[in-house]
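First comes the structure, then the notes that go with it.
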Amino acid sequence: MDFYITYILVAVVLFSFVAVFALFAVYAERKVSAFIQDRLGPMEVGKYGSLQTIADILKMLQKEFIIPAAADKILFAAAPVIIFLSVYMGFATLPWGPDLVPTALNLGVFYVFAIVSIEAVGILMAGWGSNNKYSLLGALRSVAQVVSYEIPAGVAIISAVMISQTLDLQEITMKQGVLSAVSMKFLGFWDVSEIGGFFAWNIFQAPHLIIAYVIYFIASLAECNRAPFDIPEAESELVSGFHTEYSGMRFAFIFLGEYSMMFLTGMFGVVLFLGGWNTFLPNVGSLRLADWTTGPFWGVFWIVSKVFIIVGTQMWLRWTLPRLRVDQLMNLCWKVLTPLAFFCMLISGIWQLLVM
Amino acid sequence: MTVEQILFYVMSAIALLSALLVVSQKNFVRSIFLFFLTLFSMAGLFVFALADFVAITQLVIYVGGVLVLMIFAFLLSNRELLNNPDSSKQQSSFLHYLPGILVSMLFFGVLLFVFSDLHPESFQWIAQSELNTLKPQDNTIHYLGINIMTRYLLPFEVVSVLLLMALIGAAHIARKERDR
């Protein structure tokens, strides 16, 4: 029975991590936006407003559950849970360090990809259940966007998987650092199996994966419904999209889902393209930097800091770029990203056959 | 009972109950969302059959694709029409259900007959397969990939051509007609 306790413990730790992350990501988001718009942001609660989001969540916990009279009560109540759970379940296979992975599923990549697509159902549920035309329009827009952007994202992921030759996220990470059992080549010509560091990351093992990563990153922005792809909650048109009617804890859950989705897609991209928990420091002669900075704690440190950089970039983009129109968004997806992603997949195949 | 067995029965119960509710539910949109539950617990049952790839594919294709399309079709139709589907026919409800009940009972009878008449242990190929089974820790995706690319290559390619045809057809129908 011991391992059941471990499972539950792991799930609880992951949940608390995600919750704490979401709290401070909201704070960071507000500070980043304030910095970009030359404001101060939250300053009242705690030093530099650092406790602002904790005060916010305390307020939300105490609020009444308001269900609009015309809403479909069951769907309305279930939607935030499904939105959050679909994201939270994705964390089950993501590796945090050497031997530090909740489940080393041999279908990890496919699993995360599938679980994330369930969020669309939750969003539709929220939109329909609210019985509000803004919510419904927001949900329709959001789902159309998520479903379309899954295609370039999926093809970009496949091009990384073709280089790694496995769907197990832990093994994909292993093959990008000093712990690798197979030989790795920087740009396809320089054997870096002993050197490791950033030379062994997928995007440097096969340079066309840089393009694939950019495609994946853009698509992940769209899947998180974040600017410049935030037409589902376009404030000037739709109030706030599919979560217009939500308040209190349910609203908090939707937000928790959104921010953990940012972390999840960021982490998924880091594992596939940017070396996962591997250090960026290479071994230089007798200076075994890569060996020294590889281990369970270092693994968690590296992957969390990499994902923070990615999430920071997402925030930076949100507050710098204007929102895309629907037709521009679909044009970008189908006419630019999808062909480019297929091109990357083609190069991956050739690379795998001729170079590696 | 082990935890696996309990999980299996819980998931089968959810699948059966939600499937029953899907067909008996008056509210169309709710029944579609319940269908999501049925598919999800079916995916869980597939995992117990060591078909984890099928389980995840079920999630991608049915939940991420088919179900969302179905919901779209419903959302874009009239809400009033959905709430009371042909209320004029409500009087003759039993006669209405009769053919359905008949067909399902007959089908159930056939299934029952096959089950009682079948002796799995009498087949030689089932007896032989004892040595040739998958284990939970096997890498099923590996076998699947090899089989699809060797023994089942032709069906695989035929299916992909069929899907391509459907895609081209959909694009053609959706295209704007040129002004003459």
Let me confirm something: among A:S130, A:S142, which residue is touching a residue at least 24 places away in the same chain (Cβ under 8 Å), more than 22 Å from A:R325 (Cα to Cα), polar (S, T, N, Q) and touching a helix residue (DSSP H, G or I) at 6+ places or on another chain (Cβ under 8 Å)? A:S130
May I ask you to list the residues in region B:38-54 that are facing chain A (nearest Cβ under 9 Å) and over 11 Å from B:M11 (Cβ atoms)? B:D52, B:F53
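Mind listing just one residue for me: the one in region A:302-356 that is polar (S, T, N, Q) and within 21 Å of A:A156 (Cα to Cα) and, of those, farthest from the chain's Cα centre (by Cα)? Please lay out each step first, then the result.
Kept after step one, since they are polar (S, T, N, Q), are these residues of region A:302-356: A:305, A:313-314, A:320, A:328, A:331, A:338, A:348, A:352.
This time we only want the ones that are within 21 Å of A:A156 (Cα to Cα), so: A:313-314, A:328, A:331, A:338, A:348, A:352.
Numbers: A:T313: 12, A:Q314: 10, A:Q328: 23, A:N331: 23, A:T338: 20, A:S348: 23, A:Q352: 27 Å.
Filtering region A:302-356 for residues that are polar (S, T, N, Q) and within 21 Å of A:A156 (Cα to Cα), the one farthest from the chain's Cα centre (by Cα) comes out as A:Q352.
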Inspect region B:123-133 for any residue being at negative phi, surrounded by 10 or more Cβ atoms within 10 Å (Cβ to Cβ) and not small (G, A, S) and give the result as yes or no. yes
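Among the residues of region A:93-109, write down those that are small (G, A, S) and more than 12 Å from chain B (Cβ to nearest Cβ). Please lay out each step first, then the result.
Filtering region A:93-109 for residues small (G, A, S) gives A:97, A:104, A:108.
Answer for region A:93-109, where residues must be small (G, A, S) and more than 12 Å from chain B (Cβ to nearest Cβ): just A:G97.
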For region A:221-236, the count of residues that are among the small types (G, A, S) and either buried (at least 24 other Cβ atoms within 10 Å of the Cβ) or closer than 14 Å to A:A120 by Cβ (or both) equals 1
Going through A:A34, A:A25, A:A55 one at a time, which residue ends up being on the phi < 0 side of the Ramachandran plot, under 15 Å from the mean Cα position of the chain (by Cα) and not assigned by TED's automatic domain parsing to the domain that holds A:Q176? A:A25
Residues of region A:61-80 being surrounded by fewer than 16 Cβ atoms within 10 Å (Cβ to Cβ) and either among the aromatic types (F, W, Y) or part of a helix (DSSP H, G or I) (or both), which ones? A:L61, A:Q62, A:F65, A:K73, A:I74, A:A77
Wholly inside region A:220-298, helices (runs of 4 or more DSSP H) that include 3 or more residues that are within 18 Å of A:V311 (Cβ to Cβ) and touching a residue at least 60 places away in the same chain (Cβ under 8 Å) are A:248-273
With the requirement that a residue be outside any loop (DSSP other than H, G, I, E, B) and out of contact with any Gly (no Cβ under 9 Å at 6 or more places or on another chain), what does region A:93-118 give you? A:G108, A:V109, A:F110
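Taking B:F35 as the residue in question, decide whether it is more than 9 Å from chain A (Cβ to nearest Cβ), among the aromatic types (F, W, Y) and part of a helix (DSSP H, G or I). Walk me through how you get there before you give the answer.
Working: more than 9 Å from chain A (Cβ to nearest Cβ): yes; among the aromatic types (F, W, Y): yes; part of a helix (DSSP H, G or I): yes.
So B:F35 fits the description; yes.
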Filter region A:124-150 down to the residues that are facing chain B (nearest Cβ under 9 Å) and touching a Pro at 6+ places or on another chain (Cβ under 8 Å) and list them by number. A:N131, A:A139
Identify, by number, the condition in (1) surrounded by fewer than 14 Cβ atoms within 10 Å (Cβ to Cβ); (2) more than 20 Å from A:M262 (Cα to Cα); (3) out of contact with any Ser or Thr (no Cβ under 8 Å at 6 or more places or on another chain) that A:S16 doesn't meet. (2)
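Just wondering, is there one or more residues in region A:130-142 that are of a type in the set (K, R), outside the structural domain of A:A11 (by TED's automatic domain parsing) and over 25 Å from A:A341 (Cα atoms)?
So in region A:130-142, the residues of a type in the set (K, R) come out as A:133, A:141.
The next check asks that each one be outside the structural domain of A:A11 (by TED's automatic domain parsing); those that pass are A:133, A:141.
From what's left, over 25 Å from A:A341 (Cα atoms): A:133.
For region A:130-142, residues of a type in the set (K, R), outside the structural domain of A:A11 (by TED's automatic domain parsing) and over 25 Å from A:A341 (Cα atoms): present.
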Residue among B:Q128, B:Q137 that alone is over 30 Å from A:L169 (Cβ atoms) and either in contact with a helix residue (DSSP H, G or I) (Cβ under 9 Å, 6 or more places away or on another chain) or of a type outside the set (A, V, I, L, M, F, W, C) (or both): B:Q128
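Looking only at residues that are of a type in the set (D, E, K, R) and outside any helix (DSSP H, G or I) in region A:170-203, which one is farthest from A:V214 (Cα to Cα)?
Initial filter on region A:170-203 (of a type in the set (D, E, K, R)): A:171, A:175, A:185, A:191, A:194.
When the remaining residues are screened for being outside any helix (DSSP H, G or I), the result is A:175, A:185, A:191, A:194.
Working: A:K175: 21, A:K185: 22, A:D191: 25, A:E194: 28 Å.
For region A:170-203, the residue satisfying everything is A:E194.
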Going residue by residue through region A:110-123, is there one that turns out to be of a type outside the set (A, V, I, L, M, F, W, C) and more than 11 Å from chain B (Cβ to nearest Cβ)? no
How many of the residues in region B:148-169 are within 23 Å of the chain's Cα centre (by Cα) and modelled with pLDDT under 90? 2
Can you report the number of residues in region A:299-348 which are surrounded by 14 or more Cβ atoms within 10 Å (Cβ to Cβ), in a helix (DSSP H, G or I) and not hydrophobic (A, V, I, L, M, F, W, C)? 7
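The values are calculated or read from the model by the stated rules, or taken from the named source; none is laboratory data. These figures come from a predicted structure and were not determined experimentally. All Cβ positions, glycine included, derive from the backbone under ideal geometry; neighbour counts span all protein chains shown.
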